[in-house]
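Worksheet for the structure shown next.
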Amino acid sequence: MGVGDVNYNLTNHVAWNWDAGSSTVTNNDGSISSQVRANPTAGFSILTYTGTGSNATIGHGLGVTANAIIVKRRNGTQNWGVYHSSIAPNDILQLDVSNAVYNSSGVFGNALATSSVFSVNAGSGMSNGNGDTYVAYCFSEVAGYSKFGSYTGNGSADGPFIFTGFRPAWVLAKRADSTGYWRLLDNKRDPHNVAHHALFPNTNDSVSDGDGSDQYNTDFLSNGFKLRTTLASSNASGGTWIYLAFAESPFKYSRAR
């Protein structure tokens, strides 16, 4: 196989994987039936469904409130819609663009996700076009393993500390109140502090900051992460970012290495 995206000759690749369990079941908790594979221990499920074009709910199989949802239309062109519990339910982000939060007119139904379902709006092509097919990735917080929240920048190299309750292995962040790239750091490409080899899900760019300058410097600490950069896209004073953070494994308590 020679596909450049996943197997380009003599080129480094990175992959991140979540265990969604071993079986797929039909979930009828919502008004739209979904095919769900869920691992509540890891706070993760993956599901597929077909839109109806009418206001609807969809079962996610987590058993607790979903904190983040990423949905993508499969049978046509559409942006990736991102629901995050730190922004209003009628607002969304998009994983493939750098836009700020915007009012989606109900991509996620203008309603907070519950312990059993999330909502989708009538006719939204991003989440519920009539007859369109979708895949959704759903996440809930697990103590000691995952955390979804927000932080406010201070514009200083002594940046804000964000408490997660575990040592992060993977952090994805996006400025919510302004345009800016999604920023992804992990402990495989940066096994020691500071982490700075950023990737950007909204572009096809290669790793940035490979020279070790301070543009994306972030410390992964025993109980959270701390910004070490003055870069406006990461830590502008007064700016607001949402983030998704994960440890290595879904154990209730994790320790620093």
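One table, with the values for the structure above:
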| read-out | value |
| --- | --- |
| Value at 222 nm in deg cm²/dmol, rounded to 500, when DSSP H runs of n ≥ 4 in the chain each add -39,500 (n - 2.57) | -500 deg cm²/dmol |
| Region 34-136 pair-distance distribution - Cα-Cα, 5 Å bins, rounded % | 3, 14, 26, 28, 19, 9, 1 |
| Simple spin-label estimate for Gln215 and Ala232 in nanometres, 7 Å along Cα-Cβ | 1.5 nm |
| Fully extended contour minus Cα-Cα distance, from Gln35 to Val135, at 0.36 nm per residue | 35.0 nm |
| Note, ³J(HN,Hα) from phi for region 79-85, Karplus 6.51, -1.76, 1.60, rounded to Hz, x at Gly and Pro | 5, 7, x, 10, 9, 9, 5 |
| Mean separation of Cα contacts under 8 Å, 6 or more apart, over the residue count of the chain: relative contact order % | 18 percent |
| Solvent exposure of region 55-145 as accessible area per residue, Å², 1.4 Å probe | 34 Å² |
| Net charge contributed by nearby residues that have their C-beta within less than 14 Å of Asp132 (K/R +1, D/E -1) | +3 |
| Carbon/sulfur fraction of accessible area - the chain, other protein chains in place, 1.4 Å, % | 48 percent |
| Expected-Rg normalisation [2.2 N^0.38 Å, Cα atoms] applied to the chain | 1.01 |
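The values are calculated or read from the model by the stated rules, or taken from the named source; none is laboratory data. It should be emphasised that the depicted structure is a prediction, and the values quoted were computed from it without experimental measurement. All Cβ positions, glycine included, derive from the backbone under ideal geometry; neighbour counts span all protein chains shown. These accessible areas exclude ligands, DNA and RNA; they are computed on the full protein's heavy atoms, side chains included. Shrake-Rupley method; radii C 1.70, N 1.55, O 1.52, S 1.80 Å.
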